[in-house]
Amino acid sequence: QPKYRKDYTAPDYFIRHIDMTVDIGETTEVEALLDIERNPDRPSGQPLQLDGENMKLLSIELDGKFLTEADFEVHAKGLNIPSLPDRCQLRTRVVIDPHNNTALEGLYRSGDILCTQCEAEGFRHITYYLDRPDVMASFRTTIKADRSTYPVLLSNGNPIAEDAEGDRHWITWDDPHPKPCYLFALVAGDLARVEDTYTTASGRDVALRFYVDHGNESRCTHAMQSLKAAMAWDERVYGLEYDLDVYMVVAVSAFNMGAMENKGLNLFNDRFVLADDTSATDEDYIHIEDVIGHEYFHNYTGNRVTLRDWFQLSLKESLTVFREQSFSADQGLGAVKRIGEVRQLRRVQFPEDASPMAHPVRPESYIEMNNFYTPTVYEKGAQVIGMMHTILGDAAFVHAVQEYLEKFDGQAVTIEDFVATLEQSSGQDLQQFRLWYSQAGTPRLTVTEHYDADAQVYELVIKQHVPDTPGQKNKQPMHIPLVLGLLDDSGQPVSLDIETAAEVTPQSPTQALVHLRETETTLRFPNRPSRPVVSLLRGFSAPVKLDLPHDKSDLHFLVRHDVDPFSRWDAGQTLLLRAALEAEQALRAGNAPAFDEALGETFSALLETAGSDDQALLAEMLALPGETYIAEQLDVVDPDAVVGAYQALRQYLAGAMGEHLKAAYEALRPGGAYRIDAGSIGRRRLQRQVMDYLAAYDPDALAGYCWQQYDKADNMTDTIGALAAINDLPGDTREQLFADFEQRWRENHLVMDKWLRLQSTARRDDILERLEQLMQHPIFSLRNPNRVRAVIGAFTVDNMPGLHRIDGSGYRFVADYTLKIDQLNGQLSARLVSCLTRWRRYEPQRRQLMRAELERIQQAGNLSSNLYEIVSKSLAEE
Ligand code: ARG
Ligand code: ZN
């Protein structure tokens, strides 16, 4: 039952307009009147095949005449009518049951409100329809409901009529912009409204309305400010103004993902709306700004110009993530933001690209579309856009995006349409570059260097290789933009003069963009009186794995001198990663890990700049490559050795920094009240990093600091910082702080998620019993994805020792709950199980245990299509 990209055909019929009435009661009745038109480019006389699931058909009328059973056929996935006139009106009436919809797709209940999620294919759970993005209609929606339970009734567009009678009322919304049904939204409930206005560059007033649970009104301030900042940014950078009079955002507590860009009516996971200083951390504030920006930017990249089919998902998502990331970097954290993105890409997307689920940024096939909202489509896709931005240059790129938006306004288009527009607009040849959309797998660059002292020539040979992935072998070389510079032996940037067959674009006198297009590229730098040190992949100019040619002393040198913050950070990460991998090897051989003194010196020297340097960057420099990233480097993963190596490295560095850690901690204490600006965020991040080392260096001292910090904190960043630092340490302080926190916050589910998350990632022998206890907590529910992700999700991604317990109990736990949750919510279960899919990479005993759990799931039967696809692909022969 997979669908293939190559099988795309235009629809036989279009729906130009839909007039629907949603009558909410015990169950919900949906009446839909569709204006249908035959697609003149398709043969006439084709059957009409409407999508529709989980609904009961009450009646169906064609041009005012009721159809009888003989005129149509209803099946589990929809409804067929054998033949239709070229133009007609079809009226259906169905009954759906939002109150028992636990999949959170279509119309469902979250707490006391009803809301929708239609992307990707949720609309077919609301009414019979052509549920595909190339069918675009104007929507008119009337909602009828009980007045006291559902005083607020929302849908896309503008309200045009309303009335009340007895204890019922109704309202009609009209959205003139034709849109695919995945952008439809409806909300009914008792919600508070927070309102503000934004005046666009051309002077139009837009009403900005946030709808939240009563009592949360004061927690929208940051989201509201972020929205205004995003609107201003899109005007300033892309010249794009908002196009309706109202922009609505509704905070929903049971939501499968982050948020949804429905036209004029965004629905948000409440964790990306609600914040105030006492309950939200710096990271929460940043995430809110990012997600608000992301959904807002979709109004053009996604809504005004939408997708032809779901294989094109990355067309809207990667461009929108790219725009979100540019916006976010402009809001203050700059290069550090970029480093965070790379860390995340390496932690989640590189592993996906090397897994049985590996797929190109534009997938060729899928069984369940919801499984393709992946780090590859989003994050790798954003890097692909970023590379085109690098190749074209900022001004030409922005101009080309503007041309694309104008040319395809109101249409449903493809990735090819986008790339071709960039090409035509800029005059750049992107033919070979398109391979980034079709070839899966992370390319690897291997660089060797040679210095000829007599000839005074420095030479680099760069080889690229794209690994095989399921269904794709023997790939072609890609067009990889590689940004580089050279430093001389005093650490000064060198004026570049490059001899090579490859195309080179100078970016400054000391920095160049080299276009790698061949399997092997040679770069010669003449007139180098001494051997320079090369700084490669500046700004992470391409999403590749890079084997640096440098020896350790070069890396130490780059950590001290590189002018590019990313490459400087990455040189440090490479040093740490190599040290961790040596330790891992030692542990597997039964030896004690040993580390160079130089490593300790370089990193303690960094700590000593804690007062002066960019503190946010310093925090990143001091943070170790995570366990998952270390494991990612290994052909065969032994989790014990990985965890042991990580701990040994941390312990060693903590020892090298020694008493300086305490001085640094004291010096980084807050000077005044909580402020959320880049400088203060940097200071707090660095302090947190220092505490992490302190936990290894002097646990007793740390416990004292945590106690004080928790006690004095006027903000959630410092409060959670204290709990996080002490999380893995035994002793009373930890228990007391966690207990106090629970007392203080038990009413606030978003804050309690942090408490749950920390405990599920804690390293302790009784972790599985602890998880079961957490799930007994009154705040927990298997039906709320945020709670499930805080307990089970966090355990699967951030508790390597717990998940990989050698008795297999961690895997069994995951499989048990995956099956349980799959009965309720297939999108959620499919995400949880992904921690098992790379079983082939593990040492034999774990491999066996993981595989056994996957097989148990497979044999359980009655799986959601989501879970079925992930499990069967991961068990398939390679
Ligand atoms: N379009 C939404 C966003 O990126 C995400 C929708 C995810 N949908 C899903 N079924 N997983 O903002
Ligand atoms: Zn998106």
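Taking every pair of alpha-carbon atoms in the chain, what share in percent sits in each 20 Å bin, from 0 to the bin with the longest distance? Here the calculated profile for the chain is 14, 46, 34, 7, 0.
Would you be so kind as to identify which of T68, P47, M20 lies farthest towards the positive end of the dipole of the stretch 1-140, taking Lys and Arg as +1 and Asp and Glu as -1 on Cβ and the Cα centre as origin? The listed residue farthest towards the positive side: P47.
Proximity of backbone amide H atoms, modeled 1.01 Å from N, is registered between L265 and M248 at under 5 Å, excluding neighbours fewer than 5 places apart on the same chain. The length gained by stretching the chain between D146 and S202 to full extension, at 0.36 nm per residue less their Cα-Cα distance, is 16.1 nm.
So if I take the centroid of the Cα atoms in the stretch 489-539 and the same for the stretch 714-781, what is the distance between those two points in Å? The stretch 489-539 and the stretch 714-781 have Cα centres spaced 50 Å from each other.
Length gained on full extension, R16 to D740: 254.8 nm, using 0.36 nm per residue less the C-alpha separation. To the nearest 10 degrees, how steep is helix 381-392 against the longest Cα principal axis of the chain, on a 0 to 90 scale? Result, in degrees: 70.
Think of the chain as a dipole: +1 on every Lys or Arg Cβ, -1 on every Asp or Glu Cβ, centred on the Cα centre; then among Y705, G802, L430, G802 lies furthest on the positive end.
In this rough spin-label picture, where each label sits 7 Å from Cα along the Cβ direction, the V237-S781 distance is 3.7 nm. Against the main long axis of the alpha-carbon atoms of the chain, helix 678-697 sits at an angle near 60°. Beta-bridge orientation, the chain: approximately 80 percent antiparallel, per DSSP, counting only bridges with both partners inside. In summary, the lysines within cross-link reach of K6, defined as a Cα separation below 23 angstrom excluding same-chain residues under 8 places away, comprise K77, K316, K380, K473, K475, K873.
Couplings for the stretch 227-240, taken from phi via the Karplus curve 6.51 cos²θ - 1.76 cosθ + 1.60 with θ = phi - 60°, read 4, 5, 5, 5, 5, 5, 5, 5, 5, 5, 8, 10, x, 10 Hz in order; Gly and Pro are left as x. Tell me, what is the FRET efficiency for A589 and Y451 to the nearest 0.05, using R0 = 45 angstrom and their Cβ-Cβ distance as r? Once rounded, the FRET efficiency stands at 0.85. For the stretch 342-347, putting each phi into the Karplus relation 6.51 cos²θ - 1.76 cosθ + 1.60 with θ = phi - 60° gives couplings of 5, 4, 5, 4, 5, 6 Hz, in residue order, rounded to whole numbers and with x for Gly and Pro. Across the stretch 89-104, rounded Karplus estimates of 3J(HN,Hα) from the backbone phi angles (6.51 cos²θ - 1.76 cosθ + 1.60, θ = phi - 60°) give 10, 10, 10, 10, 10, 9, 10, 10, 10, x, 5, 10, 9, 8, 6, 6 Hz, Gly and Pro being marked x.
Principal-axis analysis of the Cα atoms of the chain puts helix 809-822 at an angle of about 20° to the longest axis. Between the stretch 161-221 and the stretch 603-630, what's the alpha-carbon centroid distance in Å? A separation of 45 Å, based on Cα centres.
Readers should treat all values here as calculations from the given coordinates under stated rules, not as data from a laboratory. Since we're looking at a predicted model, the values are computed, not measured. Glycine gets a Cβ as well: all are built from the backbone with ideal geometry, and neighbour counts include every protein chain shown.
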